[in-house]
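The values are calculated or read from the model by the stated rules, or taken from the named source; none is laboratory data. Only a predicted model underlies this, so the values are computations on that prediction, with no experimental measurement involved. Ideal geometry is used to build each Cβ from the backbone, glycine not excepted, and the neighbour counts take in all protein chains shown. Ligands, DNA and RNA are excluded from the accessible area calculation, which covers all protein heavy atoms including side chains. Shrake-Rupley method; radii C 1.70, N 1.55, O 1.52, S 1.80 Å.
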Amino acid sequence: MSQRLSVWLAECRQPSTAYKIACFIIVLVHVSSGFILMELFLEDIARDRLMLLLRLLGESLMIVVICHVCMRPFLRLGILRSGLNGTSFAGLFLYCVPVAGAMSLLMYGIASVSDFSDFDIDSIQFTNKAGETSSHNRSTSAYVIYAGQQYAFLLFWAAVYLSWHFYRKRVELSRELEIARLQQLANQINPHFLFNTLNSIRALVYSDQDKAAETITQLSELMRVHMHAEVATLSRFEQECELAESYLKIELLRLQERLTVRWDVAPNIGTVQIPSLVLLTLLENAVKYGIAPSSKAGVIDIEAKLVDEGRFRLTVSNSLPEKSAEKGNGIGLKNIEKRLQLLYADQATLSIKHAQQFTAVVEIPIP
């Protein structure tokens with residue numbers, strides 16, 4: 001119980017600047033709109049304006065606290081981590097019921113303070129055409145109606161919060177994808193890669209002009225993909241394989257017999273949507289830190305298949321060099337992990353195994 005409470009409270013910490021601004025706007029709108037409405041419907045409140053402002057301020061602060069302590073952690077833990085689905089939305093609708101009831105009771109608690117009672121909704125009177133006055137009488141139905149208003153407000157708040165979160169998520173995902181694209185561009189224009197590739201092409205010009213032309217085409221295709229202004233967030237697996245093959249053909253030309261690539265791809269998965277450049281990133285990592293540093297022949301195994309129900313698994317394994325080689329900074333793998341989290345929350349995983357060989361396993365859900 002204490003651990004769950006700690007996790008819940010942890011989600012209340014470190015709100016963003018935009019979130020703080022939104023809370024301030026809620027307070028400002030509630031106080032200003034409430035004050036204007038009371039000025040319109042209640043007579044002779046000039047002497048009690050200070051008490052009215054204090055009451056409205058207390059109500060708005062209570063709204064902010066309830067949304068921050070009760071709603072925000074629930075949305076982050078119950079919906080954003082598990083993903084959007086019918087179960088999570090049903091849970092949201094049910095969860096808002098007791099929260100709205102508690103908010104209504106607290107509102108009426110504030111209204112019951114003697115200094116604030118003059119500004120209760122019961123004080124508003126209406127006059128019909130016959131000159132008869134009536135007032136809203138406090139009753140069970142009044143509580144239900146008021147709780148319904150709070151319930152609608154909580155759902156609206158949740159919708160705005162989720163919309164803002166997914167907007168930020170989309171922006172961050174675009175930024176991470178751009179980082180991945182630039183990182184792979186840096187790998188491709190690495191002086192060693194270009195020097196060795198161009199030397200290989202130069203040798204082919206005299207022995208096999210058709211193969212030289214094909215290699216130039218593959219190199220230009222890699223450059224085109226990396227330098228393109230827009231890279232889709234998701235792409236079909238067959239497209240990722242075509243790009244990976246272009247890269248591997250160049251590396252095979254450069255490394256020759258030192259590189260062996262083995263594919264094990266299940267049928268009928270070519271149209272599966274996977275995060276763009278994930279396969280290429282894993283292959284570049286395998287070549288740069290597993291195959292290229294070794295003087296002996298190395299192997300890269302690529303396996304892709306459907307597992308369980310509605311899940312796709314991509315595995316890339318490579319042999320390790322015979323001696324300690326240059327250690328990478330892990331930018332490529334960290335970028336994959338970050339994009340998986342942004343796209344699929346906790347439903348996707350990247351696992352690394354470093355034993356007899358280096359193995360990276362990406363597993364994602366299929367919509």
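I'm trying to understand the selection: among the residues of the stretch 258-280, which are on the phi > 0 side of the Ramachandran plot and either open to solvent by 60 Å² or more (accessible area, probe 1.4 Å) or touching a Ser or Thr at 6+ places or on another chain (Cβ under 7 Å) (or both)? Before the answer, list the steps.
If we filter the stretch 258-280 for residues that are on the phi > 0 side of the Ramachandran plot, which is where we start, we get 268, 277.
Passing the criteria: only Asn268.
Reported count of residues in the stretch 341-357, each being at pLDDT 85 or above and crowded, with 18+ Cβ neighbours inside 10 Å, is 2. Sub-7 Å Cβ pairs linking a first residue in the stretch 231-257 that is within 12 Å of Val287 (Cα to Cα) and open to solvent by 20 Å² or more (accessible area, probe 1.4 Å) to a second residue that is in a strand (DSSP E or B) and modelled with pLDDT under 85, at least 6 apart or interchain, number zero. Of all the residues in the stretch 70-89, those that are more than 19 Å from Ala147 (Cα to Cα) and part of a helix (DSSP H, G or I) number 13. Residues in the stretch 48-95 that are of a type in the set (Lys, Arg) and over 29 Å from Ala348 (Cα atoms) were compared, and the one that is most open to solvent (accessible area, probe 1.4 Å) is Arg49.
Test Ala212 against the criterion of being open to solvent by less than 50 Å² (accessible area, probe 1.4 Å), modelled with pLDDT of 55 or more and closer than 30 Å to Gln256 by Cβ, and give yes or no. Explain how you work it out, then say what you get.
Values: open to solvent by less than 50 Å² (accessible area, probe 1.4 Å): yes; modelled with pLDDT of 55 or more: yes; closer than 30 Å to Gln256 by Cβ: yes.
For Ala212, the condition - open to solvent by less than 50 Å² (accessible area, probe 1.4 Å), modelled with pLDDT of 55 or more and closer than 30 Å to Gln256 by Cβ - is met.
Of all the criteria given as (1) at pLDDT 70 or above; (2) within 18 Å of Trp164 (Cβ to Cβ); (3) not small (Gly, Ala, Ser), the one not satisfied by Phe35 is (2).
Listed here are the residues, each with its yes/no results for (1) farther than 30 Å from Thr17 by Cα; (2) modelled with pLDDT of 75 or more.
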| site | (1), (2) |
| --- | --- |
| Glu132 | yes, no |
| Ile145 | yes, no |
| Gln149 | no, yes |
| Phe156 | no, yes |
| Tyr161 | no, yes |
| Val171 | no, yes |
| Ile179 | no, no |
